[in-house]
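**Student:** Take a look at this one; I'll ask things after.
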Amino acid sequence: MQHLQSLDKTHCWHPFTQMREWCAHDPLMLVEGEGAVLKDSEGREYLDGNSSIWTNIHGHRHPKITRAIRDQLDRVAHVSFLGSTNAPASELAGLLCALFPPQTLTRVFFSDDGSTAVEAAMKMAVQFWQLSGEPKRTRFVAFDQAYHGDTAGAASLGGIGTFHDRFAGHRIPVDRISDPADLDKLPGNEIAAVVIEPLIQGAAGMRVWPSGLLRRLREKCDETGALLILDEVLTGFGRTGKMFACEHEDVIPDFLCLAKGLTGGYLPLAATMTNEKIFSAFLGDFAELKTFFYGHSYTGNALGCAAALASLDVFHEENVLENLQPKIACMSGLLEELKQDPFVFETRQCGFMAGIEVRRPDGEPFPWQARTGGRICEEARKHGLLTRPVLDTIVLMPPLCTSTGQLAIAVDAIRCAVATVCGRE
Ligand SMILES: *Cc1c(COP(=O)(O)O)cnc(C)c1O
C-alpha cells in the first residue's frame, strides 16, 4: 500500500485539493465498503458521513446493486446511445418518468454527471427559445451562493466566489438573484431559464431555503414565461425525505437534473428530464436543423443504468423512504443536543442532510485561513467518521441505510472533534 500511496502522491491530482498539503502526508486509501461503513488500507473503519461526496444512497456493496451491475457486465458493458439503444437505459427512462405525475416529465436525456446534466438543460433551454420564435430569451438567472457543477457552462451559474470568480471573464452571462421577487427587476421576456437547487443549497454550506420559496419561484416563472431548471443532483433520491425535493412544494419544473444518487452512488450517470412541450419543439425534418446536437461518449451507459434500476428497486423492496422518517427525527434530536456546544453556531437540516456550522463562542467566524472545519473533519476520523466540510460547516449526510446507532456515533465523533480542535484555539 505504501507503494500505491506514493504513486498517488507522485502522479495524481485531486479535485478541490491543495496538492502541496496533500503530498505532505500519506493519503487515506479506502479499500472496502459495506453498508454505511468504509474500511481503509490499515483496516480502520469509518462511517461514510458524507455518502462518498453525496453520492451513496443504500450503502456500499449492496447485494442487489452489485448483482445488477455484474449481470449487465455479463451481457455488455457499454454500447453507443447514438444510433442504438439498450435495455437498461430504455427501462430506466420509463421508470424515472413514472416517478412523476403522468404527462409532466416525460423525456430523459442521459449524460454522465451533475455538471453535464445542468449543461444539457441550459443548451436545451436556449435552443428551445430559438425554435419557438423567441430568440431574445437568452438570459440565465441563478441564485446567490449557487453551485451547479464545474464545467464551464454549469460553473457560469455558480455563485460561490472562491470557486467561480477566477473564471468570471469566461462566463456565460448570468443574472443573480437572492429571492424569486428579484425576477421583477429583470426583463421577463429575455429570460431563458431560472435555475435553483431546490430546498437546500449544498455546496454553499447546507443553506436551507425558506419554505414556500420554491413554489413562489415556480409561480414567478409562470408569470414571465421563463423555464425553470431544478438541479436535484444533490437532493434527488430520498435525501430530503421524499424521492425528490420538488415534491415538498408540489412543483414540477421544465427541466429536472439528476446525477449523484441516481445509480445509488455506484457509477457515474446523469439525467436531464423535461416535458413534451420542450421535446416537441425540437422535432422536424432533418434539414430544418432542429436536432439537439449534443451528447457524450458514455451517454446511456448500460452498467450505470442497470445500477440505477437496481437502486430504484431497493427503494421499493426495502421501504427506504418510510424507514427514513424516524431516522430524520433522530437526526433532529441529535443536532438539537449538539447545539448546546458553545462552538456550534448553528445546525441546519433538510431531511437526512445536515450542516453543523462552528464559530467562536461570541458568534464570530474563525478566520477562514485557519481551516477549522477541515481540521475538525480530520480529527473526526480518529473517532470513526469520514466527512468533509464546506468552510466551517461540517456536512453530515450519511447513506439512507445508516442506523440510528450509527448516526449517534457520527454526531458524537463531531462533538469530540469540535472539542479537541476548537478547545485549542
Ligand atoms: C455535485 C453537484 C453538481 C455537480 O455534479 P458533478 O457530478 O460533480 O458534476 C451540480 N449540482 C449540485 C446541486 C451538486 O451538488
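Derivation of every value follows stated rules applied to the coordinates shown; laboratory data play no part. The structure displayed is predicted, hence computed values, not measured ones. Ideal geometry is used to build each Cβ from the backbone, glycine not excepted, and the neighbour counts take in all protein chains shown.
**Student:** Residue by residue through the stretch 386-403, which ³J(HN,Hα) values in whole Hz follow from phi under the Karplus form 6.51 cos²θ - 1.76 cosθ + 1.60 (θ = phi - 60°), with glycine and proline marked x?
**Tutor:** 3J(HN,Hα) across the stretch 386-403, in whole Hz: 9, 7, 10, x, 10, 6, 9, 9, 7, 8, 10, 7, x, x, 5, 7, 4, 7.
**Student:** Report the charge-dipole magnitude of the chain in Debye, nearest 20, computed about the Cα centre from +1 at each Lys and Arg Cβ and -1 at each Asp and Glu Cβ.
**Tutor:** 460 debye
**Student:** Specify which residue in the list Ile356, Leu338, Thr420 is farthest towards the positive end of the charge dipole of the stretch 295-425, using unit charges on the beta carbon of Lys, Arg (+1) and Asp, Glu (-1), about the Cα centre.
**Tutor:** Ranked along the dipole, the leading option is Thr420.
**Student:** In the stretch 66-317, with Lys and Arg counted as +1 and Asp and Glu as -1 at Cβ, which of these residues, Thr162, Ala281, Leu131, has the Cα nearest the positive end of the dipole, that is, farthest along it?
**Tutor:** Of the options given, the answer is Thr162.
**Student:** Return the loop-located GluC sites (Glu not before Pro) in the stretch 282-382 (DSSP other than H, G, I, E, B) with at most 15 other Cβ atoms within 10 Å of their own Cβ; answer none if there are none.
**Tutor:** Glu318
**Student:** Still on this structure, please answer the following. Cβ under 12 Å from Phe143's Cβ, Phe143 left aside: what net charge do those residues give with Lys, Arg +1 and Asp, Glu -1?
**Tutor:** Net charge around Phe143: -4.
**Student:** Compactness ratio of the stretch 14-115: Cα Rg over 2.2 N^0.38 Å, N = residue count?
**Tutor:** Details: Rg = 18.6 Å, N = 102, 2.2 N^0.38 = 12.8 Å.
Output field value: 1.46.
**Student:** Further question on the same structure: Taking R0 as 41 Å, what's the FRET efficiency between Ala152 and Leu289 from their Cβ-Cβ distance, rounded to 0.05?
**Tutor:** Result of the calculation: an efficiency of 0.95.
**Student:** Place the peptides 184-195, 165-176, 11-22 in order of packing, highest mean first, counting for every residue the other Cβ atoms within 10 Å and averaging per peptide.
**Tutor:** Ranking the peptides 184-195, 165-176, 11-22 by packing returns 184-195, 165-176, 11-22.
**Student:** Return the FRET efficiency for the residue pair Thr420, Val208: r is the Cβ-Cβ distance, R0 is 35 Å, and the value is rounded to the nearest 0.05.
**Tutor:** Computed FRET efficiency for Thr420 and Val208: 0.80.
**Student:** Right, next: Let me know the Kirkwood hydrodynamic radius for the chain, please, with Cα pairs as the basis and the value in Å to one decimal.
**Tutor:** 22.6 Å
**Student:** On to the next question. Calculate how steeply helix 302-317 sits against the longest principal axis of the alpha-carbon atoms of the chain, using the helix alpha-carbon long axis, and give the answer as 0 to 90 degrees to the nearest 10.
**Tutor:** Compared with the principal axis, the helix lies near 70 degrees.
**Student:** Can you put Thr240, Thr235, Thr106 in order, fewest other beta carbons within 10 Å first?
**Tutor:** Thr106, Thr240, Thr235
**Student:** Is the shape of the stretch 239-311 rounded, prolate or oblate, going by the alpha carbon gyration tensor and its root eigenvalues a ≥ b ≥ c, with a/c under 1.5 for rounded and a/b larger than b/c for prolate?
**Tutor:** Oblate shape, in that a/c is at least 1.5 and b/c is the bigger or equal ratio.
**Student:** Just check the stretch 110-240 against the gyration tensor rule for me: Cα atoms, a ≥ b ≥ c as the square roots of the eigenvalues, rounded for a/c under 1.5, and otherwise prolate or oblate depending on whether a/b exceeds b/c.
**Tutor:** It comes out rounded by the Cα gyration axes.
**Student:** Relative contact order, percent, of the stretch 66-317 when contacts are C-alpha pairs under 8 Å separated by at least 6 residues?
**Tutor:** Here the relative contact order equals 29 percent.
**Student:** Calculate how many DSSP beta bridges within the chain are antiparallel, expressed in % of all such bridges and rounded to the nearest 5.
**Tutor:** For the chain, the DSSP antiparallel bridge percentage is about 65.
**Student:** Rounded to the nearest 20 debye, what is the charge dipole size of the stretch 2-96 about its Cα centre when +1 sits on each Lys and Arg Cβ and -1 on each Asp and Glu Cβ? Display every interim value, and only then the final one.
**Tutor:** Working: 9 positive and 12 negative charges, 48 e Å.
Charge dipole of the stretch 2-96: 240 debye, to the nearest 20.
**Student:** Give the relative contact order (percent, whole number) for the chain; include only Cα pairs under 8 Å separated by 6+ residues.
**Tutor:** 21 percent
**Student:** Provide the FRET efficiency to the nearest 0.05 for the Val31-Val76 pair, computing r from the beta carbons and using R0 = 35 Å.
**Tutor:** 0.75
**Student:** For Thr10 and Gln369, compute 0.36 nm times the residue count separating them, minus their Cα-Cα distance, and round to one decimal in nm. Write out the running numbers ahead of the final one.
**Tutor:** Values: separation 359, 0.36 × 359 = 129.24 nm, distance 2.63 nm.
My answer for the length gained is 126.6 nm.
**Student:** I need the peptides 304-315, 200-211 ranked by packing, meaning the mean over residues of other C-beta atoms within 10 angstrom, with the highest value on top.
**Tutor:** By packing density, highest mean first, the sequence is 304-315, 200-211.
**Student:** Treat each spin label as a single point 7 Å out from the Cα along the C-beta direction, and report the Asp250 to Ser280 distance in nm.
**Tutor:** Between Asp250 and Ser280, the simple spin-label model gives 2.5 nm.
**Student:** Please sort 403-409, 371-377, 2-8 by packing, taking for each peptide the average over its residues of neighbouring beta carbons within 10 angstrom, highest first.
**Tutor:** In decreasing order of mean packing, 403-409, 371-377, 2-8 become 371-377, 403-409, 2-8.
**Student:** Testing the spin-label approximation: label points 7 Å from Cα along Cα→Cβ at Glu190 and Arg67. State their distance in nm.
**Tutor:** Using points 7 Å along Cα→Cβ, the separation is 5.8 nm.
**Student:** Per residue of the stretch 117-127, in order, report the coupling 6.51 cos²θ - 1.76 cosθ + 1.60 (Karplus, θ = phi - 60°) as ³J(HN,Hα) in whole Hz, putting x for Gly and Pro.
**Tutor:** Each residue of the stretch 117-127 in turn: 4, 6, 4, 4, 4, 4, 5, 4, 5, 4, 5 Hz.
**Student:** Hey, how many Å between the Cα centroid of the stretch 170-231 and the Cα centroid of the stretch 243-259?
**Tutor:** When both Cα centres are located, 13 Å separates them.
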